[in-house]
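The values are calculated or read from the model by the stated rules, or taken from the named source; none is laboratory data. Remember, predicted model here, so these are calculated numbers, not experimental data. Neighbour counts run over all protein chains shown; Cβ positions are idealised from the backbone, glycine included. Heavy atoms of the whole protein, side chains included, go into the accessibility calculation; ligands, DNA and RNA do not. Shrake-Rupley method; radii C 1.70, N 1.55, O 1.52, S 1.80 Å.
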Amino acid sequence: MTHEHHARAVGVSRNFGTVRALDSVDLDVAPGELVGLLGPNGAGKTTLLNLLTGLRTPTSGRVELFGGDPRTPRNRLGLGVTPQETGLPETLRVHEIVDFVGRHHRNPLPTHELLEQFGLTGLERRQSGSLSGGQKRRLTVALALVGRPKLAVLDEPTTGLDVEARHVLWEALRQYHALGGTLLLTSHYLEEIEALARRVIVVDRGRVLADGSQEYIKSRVDTRTVSLRSAALPDLPGVVHREHDGDRIRLLTRDADQLIRELVTSGADFRDLHVAGATLEEAFMTLTNDGTPTNADVATVDRSTS
Ligand SMILES: Nc1ncnc2c1ncn2[C@@H]1O[C@H](COP(=O)(O)OP(=O)(O)OP(=O)(O)O)[C@@H](O)[C@H]1O
């Protein structure tokens, strides 16, 4: 049976005691989409994935998986999931774990093929307890795809991976998508969403702030980056976010013209001035906060050190 949406939330809210984790969220994921869910810590991303995959129920509103109730086992057959945290049986070998999970599916991917895709070839006979953190993470994401799911829901699939391992995983996910798979993933790495997702959904404080193509998200915020070199720059009005890399300073602002006027009248010594449009990361920062540190800052640090 085909459905217009693989996953859908209609007016969904979820409370945990007095915390409103999700507040009237509407979301749909159509077959073949590759959707990135972005949001700072505590935004509600995991809660949303848990509702869509049937691990939790909404306080109000409706969720659908393949057109039905996500808690009905039949509706979950086409679903592959990697939660934020997973445990693997430590004494089982890698191939035993993949074979075991694969046997729950009608048409599993051959184990060697899956391990090759995820850069795990050669580790078949290793006990999972002896794998590195990054190898374990790749294995748990691979397990979500072993059954050739129609929809894969991955909560921060690359957290803890080094740059090389992250790229291997991206390639595996791209391959899954190219073969018709639908992907909904969260990430703290904005460059990851930028590299992978066609559609981006920005969530904060339980609400969807923006939903659309990367270009749309960027255009939602009329933000510019003013980049310059200066040994000492005073605080300037109209700066949404400020970042230092040696003497290179990046100022995020909604009004570059005004900021440059302020810069000149401040009398600060500066050189090598550039003005550029918003990257997805900058759009995200502007949408979700006005200067307080968020995961976007973490992602920036990660990029600069990688
Ligand atoms: N089981 C729970 N009991 C109480 N509060 C919860 C529970 N699960 C989530 N919350 C709260 O709901 C809000 C949303 O949490 P959620 O885990 O969905 O955010 P997130 O966007 O996935 O965050 P992160 O990026 O840190 O993983 C937070 O305020 C969190 O503390």
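For the stretch 90-133, the square roots a ≥ b ≥ c of the C-alpha gyration tensor eigenvalues yield an a/c of 1.5 or more together with a/b not exceeding b/c, which makes the shape oblate.
Determine which residues of the stretch 51-94 fall in the zone a paramagnetic label at Asn41 would reach in this model, i.e. backbone nitrogen under 17 Å from the point 7 Å along Cα→Cβ. In the stretch 51-94, the label zone of Asn41 (backbone N under 17 Å from the point 7 Å along Cα→Cβ) covers 84-85.
Here the simple spin-label model places points 7 Å from the Cα toward Cβ, and for Arg205 and Arg71 these points are separated by 3.0 nm. Evaluated with a Cβ-only charge set (Lys, Arg +1; Asp, Glu -1), the stretch 39-180 carries a dipole of roughly 420 debye about its Cα centre, given to the nearest 20. Quick check on the stretch 90-216: take the gyration tensor over C-alpha atoms, sort the square-rooted eigenvalues as a ≥ b ≥ c, and tell me if it's rounded (a/c under 1.5), prolate or oblate. Prolate, since a/c reaches 1.5 and a/b exceeds b/c. A straight line joining the Cα centroids of the stretch 1-71 and the stretch 237-292 runs 35 Å.
Think of a 1.4 Å ball rolled over the protein heavy atoms: the chain then has 47 Å² of accessible area per residue. When shorter helices are ignored and each DSSP H run of at least 4 residues is given -39500 (n - 2.57), the per-residue value for the chain at 222 nm works out to -9500 deg cm²/dmol. Of the residues His244, His188, the one with the largest accessible area comes first in the ranking His244, His188, computed with a 1.4 Å probe on protein heavy atoms.
Relative contact order of the chain, taken over Cα pairs closer than 8 Å and 6 or more residues apart, is 19 percent. Take the Cβ atoms of Ala232 and His104, set R0 to 51 Å, and the FRET efficiency comes out at 0.25. For the chain, with all protein chains in place and a probe radius of 1.4 Å, 49% of the accessible heavy-atom surface sits on carbon or sulfur. Quick check on the stretch 1-99: take the gyration tensor over C-alpha atoms, sort the square-rooted eigenvalues as a ≥ b ≥ c, and tell me if it's rounded (a/c under 1.5), prolate or oblate. Oblate, since a/c reaches 1.5 and b/c is not below a/b. Taking the three principal axes of the alpha carbon atoms in the chain, the coordinate ranges are 70, 46, 36 Å, sorted in descending order.
Relative to the longest principal axis of the Cα atoms of the chain, the long axis of helix 163-178 makes an angle of roughly 60 degrees.
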